[in-house]
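No value in this document is a laboratory result; all are computed from the given coordinates. In this text the structure is predicted, and so the values were computed from the model without any measurement. Cβ placement follows ideal geometry from the backbone for every residue including glycine, while neighbour counts extend to all protein chains displayed.
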Amino acid sequence: MIRRRQAITRRAEKEQALKDRLAPFVKGKTVAAYQPVRGEAAVWQPGWLLPVTDPETKTMRFATGPLRSGAWGIPEPDPATAAFVSPEDIDVILVPMVAFCGLHRMGYGQGFYDRYLRRTKALKIGIAFACQETRFEPAPWDVDMDMVITDTGIYPPVYNETRDLPQPASAPECQQTPTETGKSS
């Protein structure tokens, strides 16, 4: 899936389509985003928060400030000078995805976002290219997105109806995994 994402043609055009669809949801909001790696969609804008990761505790926080190379070589605010923002003060979190199935997100497997997303009530928006849509069974600890925005549309489609944007191809049915309470996730 990562190779497919890295090989995307007309990348600038598709990233602009993502930004156009994203605009109504981030205007005037405190937005936490990410620096793209491995072919992720580049949607970050100046003034948005970026993650600061701690590989020892496998946690992250969002902040602004001068950037430095983080633990994995990804630019992130320098923890020594960063202005950190509490999870309660973030309105929207843009979450990168390796793949998605409906509102289920597949990440890189370290759980940084899943742990953070449980601590906030921010609108969780998964960011992906349409070619990243695939079938998979989410893990019980995975946190679903409130919506997913791609270069071709927005999931769930109800957002398209209210935002007058093109409808995406219908999302595939995804395998539901029982949670600890016995309900489907």
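With K and R counted +1 and D and E -1, the other residues having a Cβ less than 10 Å from that of Tyr34 yield a net charge of -2. Where both partners of a DSSP beta bridge lie in region 41-137, what percent of those bridges are antiparallel, to the nearest 5? About 70 percent, rounded to the nearest 5. In whole angstrom, region 80-137 maps to an equivalent ellipsoid with semi-axes of 24, 12, 11, each derived as √(5λ) from the alpha carbon gyration tensor and ordered largest first. For Gly107, the amide hydrogen comes within under 5 Å of the amide hydrogens of Val98, counting only partners 5 or more places away or on other chains and with H modelled in the peptide plane. Of the Cα atoms belonging to region 1-76, the radius of gyration and Dmax stand at 13.9, 38 Å. Annotation note: trypsin sites (Lys or Arg not before Pro) in region 26-62 located in DSSP loop regions with a Cβ neighbour count of at most 14 within 10 Å are Lys27, Lys29, Arg38, Lys58. Each Lys and Arg Cβ is given +1 and each Asp and Glu Cβ -1; about its Cα centre, region 26-153 then shows a dipole of about 100 debye.
For the pair Gln35 and Gln16, the difference between a 0.36 nm per residue extended length and the Cα-Cα distance amounts to 5.2 nm. Amide hydrogen proximity for Gly126: with H placed 1.01 Å from N in the peptide plane, the residues at 5 or more positions away or on another chain lying under 5 Å are Val95, Asp146, Met147, Val148, Ile149.
In sequence order, region 97-108 has phi-based couplings of 9, 6, 7, 9, 9, x, 9, 7, 10, 10, x, 8 Hz under the Karplus curve 6.51 cos²θ - 1.76 cosθ + 1.60, θ = phi - 60°, and Gly or Pro positions carry x. Across region 1-130, the fraction of Cα-Cα pairs farther apart than 19 Å, rounded to a whole number, is 48%.
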